[in-house]
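Participant: Take this structure, written in structure tokens, and hold onto it; I'll ask about it next.
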Amino acid sequence: MFAEFLQFLFSGITVGAIYALVGLGFAIIYNASNVINFAQGEFVMLGGMGTVFFIGLGLPMPLAVLLAVSLTVIVGFGLERFAVEPARDAPIVTLIIITIGASIFLRGAAQLVWDRNFHSVASFSGSDPIMIGGASILPQSLWILGCTVVIVIALHMFFNHSMTGKSIIATSHNPLAAKLMGINTSMVLLMSFGLSALLGASAGILIAPISLTYTGVGIMLGLKGFCAAVLGGLGKPMGAIAGGLLVGISEAMTAGYISSAYKDAVAFIIILAVLFLMPNGLFGGRGTERV
Amino acid sequence: MLLEIRNLSSQYGRIKALRGIDVDVDEGELVALVGANGAGKTTLLRTISGVQPASEGSVMLAKREITSFSSSRRVKLGVIQVPEGRQVFGPMSVEDNLILGSYTRERAEAARTIEEMYTRFPVLKEKRHQMAGTLSGGQQQMLTMGRALMAKPRILLLDEPSMGLAPLLVDEIFEIVSQLRAAGTTIFMVEQNAFMALEIADRAYVLEAGQITLSGTGKELLSNEKVIEAYLGI
Amino acid sequence: KAEETIKIGSFLAVTGGASFLGDPEKKTLDMYVEKINSEGGVLGRKLELIVYDSGGDPKKAVPFAKRLISDDKVDILLAGSTTGATMAVIPIVEKAGIPFISFGGAGVIINPVKKWVFKTPHTDTLAVQKIYNDMKSRGISKIGLLSGSGGFDKSCRKNVLDLADGAGMGVVADETHGKGDTDMTAQITKIKNSAGVQAMLYCGFGGATSIVAKNFKQLGVDIPHYQTHGSASKSFIKNADGGAEGVRLPAAALVVVDALPDSHPQKKVASAYKKMYEAKTGSEISSFGGHAYDGLMLAVEAITRAGTTDKAAVLAELEKTNNFIGVDGIYTMSPTDHLGLDEASFVMVEVKDGDWKMLK
Amino acid sequence: MNALSKPETGGILSLALVIAILPAFLPNSFYFDVVILVGINAIVCVGLNLLIGYTGQISLGHAGFFGLGAYFSGILVSIHGWPPLVALIAGAVFVGVLAYILARPVMKLRGHYLAMGTLGMGIVISIVLNQEGDLTGGPDGMPVDAFSVFGWEPGNELTWYWMVGGLLLIAVWLALNLINSPVGRALRAVHGSEVAASVAGVDVARYKSLVFVVSAVFASVAGSLFAHYSGFLTPSEADFFHSIELVTMVVLGGMASVFGAVVGAAVLTLLPQLLTVFHDYEMLVFGAAMMITMIFMRRGLVPTLQSAFNRWRK
Amino acid sequence: MSMLRVENLNMSFGGVHAVENMSFSVIPGTIHSIIGPNGAGKTTLFNLITGVYSPSSGRVFFNDRDITNIPTFELAKYGISRTFQNLQIFFNMSAVENVMVGNHLKTDSRFLPALFGLSSIKRGERECRERAEQIMCDVGLEKFIGSDADSMPYGALKWLEIARALASEPAVLLLDEPAAGLNPSETSEIDDLIKRVAEKGITVILVEHDMKLVMGVSDHILVLDSGRKLAEGTAEEIRKNPDVIEAYLGHRRRAR
Ligand SMILES: Nc1ncnc2c1ncn2[C@@H]1O[C@H](COP(=O)(O)OP(=O)(O)OP(=O)(O)O)[C@@H](O)[C@H]1O
Ligand SMILES: Nc1ncnc2c1ncn2[C@@H]1O[C@H](COP(=O)(O)OP(=O)(O)OP(=O)(O)O)[C@@H](O)[C@H]1O
Ligand SMILES: [Mg+2]
Ligand SMILES: [Mg+2]
């Protein structure tokens, strides 16, 4: 009985960590620009598919990973410069539409350049499951968890304790004042998209051995990542992690104990319930608007 | 001349906000700019600090043409603006706001300056961990002032620093402005409180509908009929 | 008139989540239309192929079907990668009265029979029957069912449940997973822990098939694992990362063509298709492209026999298809059977050492 | 005379004129079909624009209401044998009540949180439609009987065309009435500043709920029409992508512009049909078109062109 | 008889006591000013009175009715209106429409008649617009009648807010720093306006740091410091109060 629960928990944590990683990418761009980048899922896709592509060219795994990440970061830069920057002060919905357009564009391009099949990437360290308390977990899941923890700590330090991190947040809250402080705001935006692309690509590579990858992999992951980011409170790296795990675990528990047919619905209902009670997410804090 | 502005024009879309402005600010001088609402005072400061493009003319800092420089480069050269309307980083702490003021400076120096700011504005120390957005209007005004001083400006551009401040604090702000000037900081100040501004200013300009219509020493303008009628409301 | 082309209309899931169906289908159609034209066409007329990309979305398929029928004025429809897209256009096709050969998987497409609608892929009904027979031969009578949430998956699930009684099978667990899910361990754990379960059957297709196989292995479940013809592509084995070993499924002869004895009636046709497809596209065949091949060939046959593209005549000839050897099986149609395949057209295969092995 | 000089009246007359003469230019039933879909989408968008454009509240879940309306009609008519018109109204009432119940908590959210909330709401609806196969036919969808009122059936495309065209005109007329009334002004005030609106006596929560319900009912009615017109329903009518498509129509056409919503619906319904010539490049071109329009005409097609026209006239 | 009465009002934000044990009352038809150092709690007090915040404890009475915790939009029906220190303009509308919103409660805003464009609604709209234009003229905004709010200069926007507040025909008008950012001659126009408003019998509660304005118009002045009442009285009394000089005015004689 307990083993079963543990298994559901492992399953939930694995999936949740993936959502969390994608959610982190949303958080970074949001932190710099208040933009929700709906093309975040495509970064994940580019990371995974890029790795598959470069391995297919006969390159060793580490090099392929490096190239795939670089490719994604370049795409991230391009997205910022050519799609987001020109529309900086547009309303939220307009920016949502632009980034959705970008995601369709990127997916279309990937389908054109690569194929539309599913691909797998070898696990980083074997695929023999590890048994804990009667439940099994894949080494790759531990990789994901480990990397997630490292990344979130790094990001937390970056945003709260480094000048560059603070300048990113400052830019999102008040670009004018940020400029007057000498912050090169357009560079900040560029960096944040690059960073977020880097994170997305890493997520894509980390999860490819578990979930397989294909040109459409970003759609669902992007959506769930968005859920994670919002649930935790936008722009809060810790929140994105908590949100991702909450979504992942509630999905797994629902599938395990209630109804697998309605597991996605239950996850969304939980999100709705949380938002109804805490309109700014779990860690969003109160608004600071004054009149 | 530290700051030389020649024939400067700027516009928002098709609306011309500045037309052919000539302004000089000498090293160590305190120059005031007065004008009615919508005259273009803010626009002039924004054009000097580089957040608003000039459509014509030039801005020179210490004989160096900076018209095409980005705002961040100008900040590095010491052109620091205190913007109008309390532009704080709302959801960040008071302390973080101040730290960001020293973005272009060494960390160690900045740490020293922040203590100076806390002595100068004790309220800020008290509220250092509070979110800046929840400060009262006047507290936010002090914060933006302190944040700008964190950058150790070579020329400080003040846009209505006394707006919304209690009388005691208005005095204090003017006091600070005088002190800064005594310490050699060059200041170019936009102020609605024309009395006080003209009183302490070395020189002053009057801006009307995007054009400089009058200039002179502070005292001269204080006794100018037109100024008295239009800006002093007597 | 001899100059007039014979128009073949198609909408396929060339992009989107079901592109692994639509992509090989389109390639197959392109390839063979070109081949037939280079050999002189049909009835001395060239074939003209018009393909629209429905992205697998039934909603998009509908206007495309209307466009093909009333604007492009095609003579026949060879279209519909998915069951959903096919079902959505059936009312239009029936109203317009035009022969329509679908590549959709589920049995509902032709059962009950619709006047103008045919299909080439084996139905899930056949697949389930085949699987049940295999299970019975191994003494299995209690199974756990896992299915995805796509159209094919659901239809397959329904068949598994509906046919269970007749086949003397009991379904002791009935789990599903969502679109784009990346981990099914929770569902498989539940199946594993269901009382009396003797085998697991997975209804679904695409990338999820490999993930299920991987999770199955990861959890160390030691009961037989069945999947359907939806998994009958090499990438299933490759992507399952070893998890596919021992999985059994019914598949078209095409999938195991190299393992077929020379005496097998489909050997020649299937090898030829495989050779051509792999040479032209450089990618491995899947059974899905085969559906399109059979559809095109059935249509060409019927038109040739009818000697005209008159829709009613072609319909009549399609229904007279008799012992037509395709890559999916041997078709014998009738006014009450618009598929024409039976269980015999499937072979049961098992994954062994990273490849398909034909059973018996 | 005075009424004629108003831009809205001119707009509605031009729209009526376009609807009246368009059939002369449509060569075959396929074109009618596309235009009818434009009309149905436009009805949803006119309603959605009240919410997004005027009141400033995002909804990424409106396809859920469209789908619910559609399935309500489908199920009541085809399975329970209700008269279609009654089913349509029942669907609208049901969706209205549901939207009303959801509105209070959902409309409390702001910005991206609201986007998330409405998105979740739409997805839950679409999951229910997918899972309740006994009722809805599941992912395979369900056939729907033809529309009829007291025995009259809009048999061919042309009759449908007139019907949808007429309803679109009514929808536009209603929307314009609302916008140019104190209610519409209150909605726009809510967009501008909620606290200032409430100081002026506007019950912000009530108005937000109101417009949420109105836009949901528009979507539901359009959904019912669609169900009968297409004769077949699948849950993808209610899914996330359809919601996104609807929002894109509104934003592309022009927020806070009733005619923008109509134009947006037309462009985005026609575009995929036009892009088929690009074959493999279709997605690429579609995505690029979306981005470029929004970057260079960020207020949307109609308002941008309108102000360009005004400038040119001056 | 008091129009507005506040009893033992408290408000704290996570440890910060923005308003502490505040009690005072306002006599109808007078100009009642509230002054005090920055952060003394003046704006917070406004937010409590107008229902933007609900108090931690204490009561607010309006014409002897308890209006604590009544939502803001309901208070408008009682005739309570205000302007904001951080301007809250409807930038998505024209200037006249901004003012028309102020008149919301006086116009027929029933949903169904509006939806069907009944002529009564259209008539109401015309009247509402005329009234709004009239008010704009009254406060000197006639040249902005055709303007969009987002193209107006800052100073004009301050007047626009006042016009909007007046459009609701309030019984009491709360002004939060109306003269901030205005030069002395513009401030004297505000001075005139406040007096005119008060002459019409509207009670004015004014928060302002411009002492020339405050001392000139106020019938009664309340001084806050750190959320608490520091002093109360006429302009003359306040001007001489050593506590007030110490905490707020400063020793330097200001503004003439
Ligand atoms: N972002 C903008 N877009 C369009 N016009 C603007 C913008 N900002 C300012 N203006 C216009 O430019 C002119 C000058 O404005 P500016 O803000 O420089 O005046 P100001 O002298 O600082 O006035 P105030 O005393 O109100 O601060 C005004 O007519 C104003 O309406
Ligand atoms: N939402 C909030 N969260 C936290 N603290 C707040 C909030 N609103 C106000 N405060 C605090 O309450 C105190 C009073 O603020 P308030 O805005 O009422 O001052 P004020 O008297 O209007 O000052 P000013 O004259 O500068 O506008 C301040 O110390 C402020 O920091
Ligand atoms: Mg200014
Ligand atoms: Mg205040």
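The values are calculated or read from the model by the stated rules, or taken from the named source; none is laboratory data. What you are looking at is a predicted structure, and each value in this text was computed from that prediction instead of being measured. Neighbour counts are summed over all protein chains in view; Cβ atoms, including those assigned to glycine, are modelled from backbone coordinates with ideal geometry.
Participant: Being buried (at least 18 other Cβ atoms within 10 Å of the Cβ) and small (G, A, S) is the filter here, so list the residues in the range E:130-146 that pass it.
Facilitator: Correct list: E:A132 only.
Participant: Looking at C:T5 and the list (1) in contact (Cβ under 8 Å) with a residue 24 or more places away in the chain; (2) within 26 Å of C:G230 (Cβ to Cβ), which single condition is not satisfied?
Facilitator: (2)
Participant: Hey, does the range B:153-162 have a residue that's surrounded by fewer than 24 Cβ atoms within 10 Å (Cβ to Cβ), of a type in the set (D, E) and more than 16 Å from ligand 3 (Cβ to nearest atom)?
Facilitator: The answer is no, given that none of the residues of the range B:153-162 is surrounded by fewer than 24 Cβ atoms within 10 Å (Cβ to Cβ), of a type in the set (D, E) and more than 16 Å from ligand 3 (Cβ to nearest atom).
Participant: Counting only residues that are touching a residue at least 12 places away in the same chain (Cβ under 8 Å) and touching a helix residue (DSSP H, G or I) at 6+ places or on another chain (Cβ under 7 Å), how many does the range E:7-21 have?
Facilitator: 4
Participant: Give the range E:207-247 a look and list any residue that's out of contact with any helix residue (DSSP H, G or I) (no Cβ under 7 Å at 6 or more places or on another chain) and closer than 23 Å to E:L173 by Cα, or say none.
Facilitator: E:K212, E:V214, E:D219, E:H220, E:L222, E:G227, E:R228, E:K229, E:E232, E:G233, E:T234
Participant: Given the criteria under 23 Å from B:P83 (Cβ atoms), among the acidic types (D, E) and more than 10 Å from every other protein chain (Cβ to nearest Cβ), does B:E199 qualify?
Facilitator: no
Participant: Then there's this: Residues of the range B:16-38 being surrounded by fewer than 23 Cβ atoms within 10 Å (Cβ to Cβ), within 24 Å of E:E186 (Cβ to Cβ) and either near ligand 1 (Cβ under 8 Å from one of its atoms) or without any contact (Cβ under 8 Å) to a residue 40 or more places away in the chain (or both), which ones?
Facilitator: Of everything in the range B:16-38, those that are surrounded by fewer than 23 Cβ atoms within 10 Å (Cβ to Cβ), within 24 Å of E:E186 (Cβ to Cβ) and either near ligand 1 (Cβ under 8 Å from one of its atoms) or without any contact (Cβ under 8 Å) to a residue 40 or more places away in the chain (or both) turn out to be B:A17, B:A36, B:N37, B:G38.
Participant: From the list E:A247, E:A165, E:A198, which one is touching a residue at least 60 places away in the same chain (Cβ under 8 Å) and either aromatic (F, W, Y) or outside the structural domain of E:F62 (by TED's automatic domain parsing) (or both)?
Facilitator: E:A165
Participant: Within the range E:63-95, work out how many residues are closer than 19 Å to D:N177 by Cα and either assigned to a helix (DSSP H, G or I) or not small (G, A, S) (or both).
Facilitator: 2
Participant: Out of the residues in the range D:174-227 meeting the condition of being among the charged types (D, E, K, R), part of a helix (DSSP H, G or I) and facing chain E (nearest Cβ under 7 Å), tell me which one is surrounded by the most Cβ atoms within 10 Å (Cβ to Cβ).
Facilitator: If we take residues in the range D:174-227 being among the charged types (D, E, K, R), part of a helix (DSSP H, G or I) and facing chain E (nearest Cβ under 7 Å), then D:R185 is surrounded by the most Cβ atoms within 10 Å (Cβ to Cβ).
Participant: If we keep just the residues of the range C:195-241 that are in a loop (DSSP other than H, G, I, E, B), modelled with pLDDT of 90 or more and closer than 20 Å to A:S136 by Cβ, which is farthest from the other protein chains (Cβ to nearest Cβ)?
Facilitator: C:P224
Participant: Taking D:I101 as the residue in question, decide whether it is surrounded by fewer than 21 Cβ atoms within 10 Å (Cβ to Cβ) and without any contact (Cβ under 8 Å) to a residue 24 or more places away in the chain.
Facilitator: yes
Participant: Within the bounds of the range A:186-199, is there any residue that is in a loop (DSSP other than H, G, I, E, B), modelled with pLDDT of 90 or more and buried (at least 20 other Cβ atoms within 10 Å of the Cβ)?
Facilitator: no
Participant: Scan the range E:178-202 residue by residue and report those that are assigned to a loop (DSSP other than H, G, I, E, B) and away from ligand 3 (no atom under 16 Å from the Cβ).
Facilitator: Selection gives E:P178, E:K200, E:G201, E:I202.
Participant: Anything in the range E:193-215 that is at pLDDT 90 or above, more than 16 Å from ligand 4 (Cβ to nearest atom) and farther than 27 Å from E:K77 by Cα? List them, or say none.
Facilitator: E:M215
Participant: Next question. Examine the range A:142-154 for a residue that is free of Cβ contacts under 8 Å to residues at least 40 places away in the same chain, more than 30 Å from B:T144 (Cβ to Cβ) and in contact with a strand residue (DSSP E or B) (Cβ under 8 Å, 6 or more places away or on another chain), and state whether such a residue exists.
Facilitator: Looking through the range A:142-154, at least one residue is free of Cβ contacts under 8 Å to residues at least 40 places away in the same chain, more than 30 Å from B:T144 (Cβ to Cβ) and in contact with a strand residue (DSSP E or B) (Cβ under 8 Å, 6 or more places away or on another chain).
Participant: Out of E:N47, E:N38, I need the residue that is within 14 Å of chain B (Cβ to nearest Cβ) and in contact with a Gly (Cβ under 7 Å, 6 or more places away or on another chain). Which one?
Facilitator: Just one listed residue meets the conditions, E:N38.
Participant: Can you tell which of E:V52, E:V16 is within 13 Å of chain B (Cβ to nearest Cβ), out of contact with any Leu (no Cβ under 9 Å at 6 or more places or on another chain) and within 13 Å of ligand 2 (Cβ to nearest atom)?
Facilitator: E:V16
Participant: Moving on to the next point. Condition first: touching a strand residue (DSSP E or B) at 6+ places or on another chain (Cβ under 7 Å) and either at the interface with chain D (Cβ under 10 Å from one of its Cβ atoms) or not basic (K, R) (or both). Can you find one or more residues in the range E:85-94 that meet it?
Facilitator: yes
Participant: If you don't mind, there's one more thing I want to ask. Quick check, is E:E161 within 16 Å of ligand 4 (Cβ to nearest atom) and either surrounded by fewer than 24 Cβ atoms within 10 Å (Cβ to Cβ) or in a helix (DSSP H, G or I) (or both)?
Facilitator: Taking the combined requirement at face value, the residue satisfies it.
Participant: Still on this structure: Among the numbered conditions (1) crowded, with 17+ Cβ neighbours inside 10 Å; (2) under 19 Å from the mean Cα position of the chain (by Cα); (3) within 26 Å of B:G138 (Cα to Cα), tell me where E:S54 comes up short.
Facilitator: So the condition that E:S54 fails would be (1).
Participant: Let me ask something additional. Quick one: E:D66 ticks every box in (1) in contact (Cβ under 8 Å) with a residue 24 or more places away in the chain; (2) more than 14 Å from chain B (Cβ to nearest Cβ) except a single one, so which number is it?
Facilitator: Every condition holds for E:D66 apart from (1).
Participant: List every residue pair whose Cβ atoms sit under 7 Å apart, with the two residues 6 or more apart in sequence or on different chains, where the first one lies in the range B:145-165 and is within 11 Å of another protein chain (Cβ to nearest Cβ) and the second, anywhere, is more than 16 Å from ligand 4 (Cβ to nearest atom) and basic (K, R).
Facilitator: B:A151/B:R105
Participant: Further, regarding this structure: Yes or no: C:A270 of a type in the set (A, V, I, L, M), in contact (Cβ under 8 Å) with a residue 12 or more places away in the chain and touching a Gly at 6+ places or on another chain (Cβ under 9 Å)?
Facilitator: yes
Participant: Just one of (1) within 14 Å of another protein chain (Cβ to nearest Cβ); (2) of a type in the set (A, V, I, L, M); (3) touching a residue at least 40 places away in the same chain (Cβ under 8 Å) trips up B:L168, so point out which.
Facilitator: With (1) within 14 Å of another protein chain (Cβ to nearest Cβ); (2) of a type in the set (A, V, I, L, M); (3) touching a residue at least 40 places away in the same chain (Cβ under 8 Å) applied to B:L168, the lone miss is (3).
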